[in-house]
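What follows is calculated from the coordinates using simple rules that are stated; it is not laboratory data. Everything quoted here is computed from the prediction, not taken from an experiment. Neighbour counts are summed over all protein chains in view; Cβ atoms, including those assigned to glycine, are modelled from backbone coordinates with ideal geometry.
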2 protein chains.
Amino acid sequence: MPFEELKPLLRPNGSKIVLLVMDGLGGLPIEPNGPTELEFAATPNMDRLAAEGTLGQTIPIRPGITPGSGPAHLALFGYDPLHHPVGRGVLSALGVGLEVRPGDVAARGNFCTMDSEGKITDRRAGRIPSEESAPLVEKLAQIKIPGVEIEVRQVKEYRFVVVMRGEGLSPDLADTDPQVTGVPPLPVKPTKDTPAARRTAELFNQWIAEARKLLADQPKANCVTLRGFATDPELPKFDESYGLKAACVAVYPMYKGVARLVGMDIISFEGENPEDEFAAVAEHWDEYDFFFVHIKKTDSKGEDGDFAGKAHIIETVDAALPHLLALKPDVLMITGDHSTPARLRSHSWHPVPFLLWAPASARPDSQTRFGETACAQGGLGTFQAHDAMPLALAHALRLEKFGA
Amino acid sequence: MPFEELKPLLRPNGSKIVLLVMDGLGGLPIEPNGPTELEFAATPNMDRLAAEGTLGQTIPIRPGITPGSGPAHLALFGYDPLHHPVGRGVLSALGVGLEVRPGDVAARGNFCTMDSEGKITDRRAGRIPSEESAPLVEKLAQIKIPGVEIEVRQVKEYRFVVVMRGEGLSPDLADTDPQVTGVPPLPVKPTKDTPAARRTAELFNQWIAEARKLLADQPKANCVTLRGFATDPELPKFDESYGLKAACVAVYPMYKGVARLVGMDIISFEGENPEDEFAAVAEHWDEYDFFFVHIKKTDSKGEDGDFAGKAHIIETVDAALPHLLALKPDVLMITGDHSTPARLRSHSWHPVPFLLWAPASARPDSQTRFGETACAQGGLGTFQAHDAMPLALAHALRLEKFGA
C-alpha cells in the first residue's frame, strides 16, 4: 500500500507492535528430506505462537532476488527497495556506524596499488589484511580540507568509508575506480552540471590528492579510489508514515543505521544476547509504539555454514521469548530479513518464514510449528516483505477502512 | 524484477537451465472430486522431481486473464505482456512461420464479401473453408509493389497474413475492417502523421487495390481487410537481459517465432515426439546455457476436449524425461504457458502448475506429486509467470545480491 494511500487511514490507538528479526532466518535442509535450521531447532514458544497466530512467507525484494542487509530491512520496514533506493556509500557508512545526515556525502573507498606511471596495477592493493590497513585509515582520517568536515572509517581489508559534511554538497559524482588495471584512477567528476556537484568533486579531488601524498611510500596501498557517492535518501519516517513512535534494539551498526534512516530512535543497552535485547525493550516499553529487535547471529552462523550453530541461536531466541511476551505486545511479528542457508553459506533469494501473532485479531491457520514448510502453507500466503507493516498496523487495529 | 535492475546482478557461471513447457498444461477435473489431466496421468519421473524440488503455480498475465500463446510464452520468458506488447500482426505472422524483422510491417488479413456498391456484406466471406481460400492466397502472393517485398501466407479459412518489407516503413496504421457490414472497407490510414506512415499506408492501399482486381470474379471472397499492423517490438534479448545463450526446441512455427523475438536460436531436428525434442537438446547441450523445449500436443488435446488424450501426452513426456535428466541440468522448470482444460475445450485463466527442480539450491516443500492441487500448496506459492526467469537464474546461482 503506497504511503500516501495509507496515511489517511491511520488511527493511533496506543497499541504496541514488535518486529523481531532473526537475520538470515530462512534456511535449507542439509540432507535430502531433512529439516531446515528453523525446523531443526526446538522452538516450543514460537510453535505455540504459530498455532495461535498466522504464518506466511515473504519475498524480500522480488522472486529470485537475493538482498543485501540494507534493502532487506528497508523492505521489512515497508519501503519497497526498488522505489526507495539507498546509495551504496550510505549503506557502507551505516555498516561501520558512521552517520550520514541529509546533505552529507558518503562514499566507499578502496586502497589500490599504482605504478610509477600513475597506472593502477591492483584495484584492491593486494587485498591487504585489516591489520595493515587500519593504520593507513588512521592517516587518512587526519586529512583536513577547509570548509568541510570529513570522517573516514575502516570497513575491512582494503575497504573504507569516507563521509564529507558541510554546506552545499552534492552526491551527484561518478566513481573514480576505472574497473580495470593498467589505467590511472579517474578524477572525481560531477554527473550533473550544478555548482554543488562541481564544488563537491573538487573537494573530493583535493582529499584524494592529500591521501596519495600520505600513502606515497606504501608498497601496496599507495593510492585510493572512491565509488558509490550518496547521501541520506530522506525516506518518509515511521511517525509520519505509520503514526508510530519507533525504537530499534540492535547490536550491529548497520541495523541501527538503517533504523535511523526511517526515523527510529536507537536504544542503548548492555549485552548482546536475546535476553539483553528483550530487557532493553522492557525498559523502554512505555515510551514507544513500535520496537524493531534485531538478532544478528542467525545470519553469521548461516554465513559460516554452521547449520547446528544457526539452529542453536534460534533456540536461544525462543528460550528468551517469554520475557518479550510478558510485555503483552498487541502484535508480534517474528521473521527474517532474508534467508541465509548454512548450506549455501551466503544470503539467498528463498522466501522467508513469517509469523504474525496478534491475540485480538489474527486469523489462525492450521499450522502448529514455525518453519519453512509450514510457512509456505500458512494463512498469509506468500507476500512481499514490504506488505508486513500494513499487516502489522491492521492487526494492531490501527487502520481505518479504505473507502466508504 | 525490471531488466535494468536485474542486469547488474548477472553472474554467468556456465550452469544450464531448461524450461520445459507443456502447452496448456493446466486442467480441470471432468467429474466432481476427480483429478485434473495432470493428476490423472501417471508421471513417476515428474513426481520424483516434485518431491525433490519446489512446486508453485503461475498466473500467466493477471488473475482471471486467459492468454493467447504469444503473451503466455513472453511471460514465461520474463517479459510482462502488459509492459512488452507484441502486435497482433506480428504474432499472426509468427504463427504461420513468417519472419518479421525490425522495420517490416505485418498485418492480419480477412477475405470478405463486397456487394456491387462496394459495401461489405460479410466480413468473413462466408467463412470459406481453407481449401477454397488456399488458391486465393496463392493469387495474392503474386502481387508486386515496386520498392517493397511482400509475403502473404494463409492462416486458416478466411484468414491470412501479409508482411511488407523495405526501407522506411511504419506500422502506425489503422485497421481497414470497419467492424460492421453495410459500409465499404476503410482505406489504410496513418495513425501518426509521419512520412513513413503516409508512405506505408499508400503502399498497402496499392496492394489492396491489386488484391481486389485479382479477386473481382470471386463469388464470396472478392475483397480483403487488413488489421493489427505491427513490427518486431525489438524486445531485449536473452543474452543481454539474462546473460544466457538460449536455444528453442519446438515443432510449431508460433513458438519458434516467439523464441526468436527474444533472441533464442532455433534448433532444427527430425521428428516431433518428446524424445526427439530431448534428443535435439542433447545434441546441442554444450552450445547453450538455456533451452526452451515446447510440447504442443497437450494444448491440442485440451482444445479437442480429449481429457484422456491430454493425460496420455503428459505421460509420454514423463516417460521421455530421463533422456533430459541424463544431461544433468542445474535447473529444470516444468510448466505450461497457460491452462487448456479439456472440460472447457479452450485456453483458460486458471493458474498453471509449476515445478522447479534444482538439486544444488531448491528448498523442498512437502509436496510429492506434480499436480494442480499440490502446486497450489507448493513452496513457491502463487506467482506471476514473468517471475519464473529470475527464479531460474537464482537457482542456477547466476545472480549477485541486490544492494549491500
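Contact order, relative form, for the stretch A:290-404: 21 percent (alpha carbon pairs under 8 Å, 6 or more residues apart, mean separation divided by residue count). With only Cα atoms counted, the stretch A:211-251 has Rg and Dmax values of 20.4, 55 Å.
Between A:ALA51 and B:ASP286, what is the FRET efficiency for a Förster distance of 56 Å, r being their Cβ-Cβ separation, to the nearest 0.05?
Details: r = 52 Å, r/R0 = 0.93.
Rounded to the nearest 0.05, the efficiency is 0.60.
Of the residues B:THR36, B:SER366, B:ASN222, the one whose Cα sits farthest towards the positive end of the charge dipole of chain B is B:ASN222 (charges of +1 on Lys and Arg Cβ, -1 on Asp and Glu Cβ, taken about the Cα centre). Cα convex hull, the stretch A:163-221: 95 Å³ per residue, rounded to a whole number.
Taken over the stretch B:90-230, the alpha-carbon convex hull comes to 96 cubic angstrom per residue. What net charge is computed for the residues neighbouring B:SER241, neighbours being all others with C-beta under 13 Å from the C-beta of B:SER241, Lys and Arg scored +1, Asp and Glu -1? Residues close to B:SER241 contribute a combined charge of -3.
Near A:MET389, within a Cβ-to-Cβ distance under 14 Å, what is the net charge of the other residues, with Lys and Arg +1 and Asp and Glu -1? Each step should come with its number before you reach the end.
On the way: positive: A:LYS7, A:LYS237, A:ARG398; negative: A:GLU5, A:ASP80, A:ASP239, A:GLU240, A:ASP289, A:ASP337, A:ASP387.
Spelling it out: positives minus negatives among the neighbours equals -4.
Taking other residues whose beta carbon is less than 15 angstrom from the beta carbon of A:THR194, and scoring Lys, Arg as +1 and Asp, Glu as -1, yields 0. Restricting the stretch B:255-354 to GluC sites (Glu not before Pro) that sit in a DSSP loop and have at most 11 other Cβ atoms within 10 Å of their own Cβ leaves B:GLU270.
Mean-square fluctuations from a GNM of chain B, with a 10 angstrom spring cutoff on Cα atoms, peak among B:LEU94, B:LEU28, B:LEU356 at B:LEU28.
In the elastic network of chain B, a GNM with C-alpha springs shorter than 10 Å, the most mobile of B:ILE313, B:ILE59, B:ILE145 is B:ILE145. Computed over the stretch B:134-198, the alpha-carbon pair-distance distribution with 5 angstrom bins reads 4, 15, 17, 21, 24, 14, 5, 0, each value a whole percent.
Measuring nothing but how far apart in sequence close Cα pairs (under 8 Å, 6+ apart) lie, relative to its length, chain A scores a relative contact order of 34 percent. Placing +1 on the Cβ of every Lys and Arg and -1 on the Cβ of every Asp and Glu, with no other charges, gives the stretch A:181-308 a dipole of roughly 1240 debye about its Cα centre.
Shown here for the stretch B:108-192: GluC sites (Glu not before Pro) in loop regions (DSSP other than H, G, I, E, B) with at most 15 other Cβ atoms within 10 Å, namely B:GLU117, B:GLU167. Restricting the calculation to Cα atoms, the stretch A:299-352 yields a radius of gyration followed by a Dmax of 13.1, 37 Å.
Distance between the pseudo-spin-label points of A:GLU234 and A:LYS192 (7 Å out from Cα toward the beta carbon): 1.0 nm.
For the stretch B:268-404, give the magnitude of the charge dipole about the Cα centre (Cβ charges: +1 Lys/Arg, -1 Asp/Glu; no others), in debye to the nearest 20. Write out the running numbers ahead of the final one.
Values: 11 positive and 21 negative charges, 137 e Å.
Its charge dipole is roughly 660 debye.
Each residue of the stretch A:210-220 was assigned a 3J(HN,Hα) from its phi angle through the Karplus expression (A = 6.51, B = -1.76, C = 1.60, θ = phi - 60°), giving 5, 4, 5, 4, 5, 9, 3, 8, 6, x, 10 Hz with x at Gly and Pro. Charging the Cβ of each Asp and Glu at -1 and of each Lys and Arg at +1, and nothing else, the dipole of the stretch A:90-230 about its Cα centre rounds to 160 debye. Sparsely packed loop sites in the stretch B:178-255 (the GluC sites (Glu not before Pro) outside DSSP H, G, I, E and B with at most 16 other Cβ atoms within 10 Å) comprise B:GLU234.
Rounded to the nearest Hz, the phi-derived 3J(HN,Hα) couplings of the stretch A:354-371 under the Karplus curve 6.51 cos²θ - 1.76 cosθ + 1.60 (θ = phi - 60°) are 9, 10, 10, 10, 8, x, 7, 8, 6, 9, x, 10, 8, 7, 10, 9, 8, x, where x marks glycine and proline.
Excluding same-chain neighbours fewer than eight residues apart, the lysines reachable from B:LYS256 by a Cα-Cα span under 23 Å are B:LYS16, B:LYS156, B:LYS237, B:LYS245, B:LYS296, B:LYS297, B:LYS301, B:LYS310. Here the spin labels are modelled as points 7 Å beyond Cα on the Cα-Cβ line, and at B:GLU99 and B:GLU315 they lie 4.1 nm apart. Highest GNM mean-square fluctuation among A:SER170, A:SER69, A:SER268, for chain A modelled with Cα contacts below 10 Å: A:SER268.
Multiplying each eigenvalue of the alpha-carbon gyration tensor of the stretch A:48-132 by 5 and taking the square root yields semi-axes of 38, 16, 14 Å, largest first, rounded to whole angstroms.
So how much slack lies between A:GLU5 and A:ALA360, counting 0.36 nm per residue of separation and subtracting their Cα-Cα distance, in nm? Show your work: numbers first, answer last.
On the way: separation 355, 0.36 × 355 = 127.80 nm, distance 2.51 nm.
Contour length minus Cα-Cα distance gives 125.3 nm.
The orientation-averaged projected area of the convex hull spanned by the Cα atoms of the stretch A:205-311 comes to 11.1 nm².
Using the Cβ-Cβ distance between B:GLU400 and B:ALA174 with R0 set to 56 Å, the FRET efficiency from 1/(1 + (r/R0)^6) comes to roughly 0.75.
Working note: 222 nm ellipticity from helices only, DSSP H runs with n ≥ 4, each -39,500 (n - 2.57), summed and divided by the residues of chain B, gives -9000 deg cm²/dmol to the nearest 500.
Each 10 Å bin from zero holds the following percent of Cα-Cα pairs in chain A: 5, 21, 28, 22, 15, 7, 1, 0. Computed over the protein assembly as shown, the convex hull of the alpha-carbon atoms projects to a mean area of 40.7 nm². Label sites at A:GLN142 and A:VAL251, each approximated as a point 7 angstrom past Cα along Cα to Cβ, lie 3.5 nm apart.
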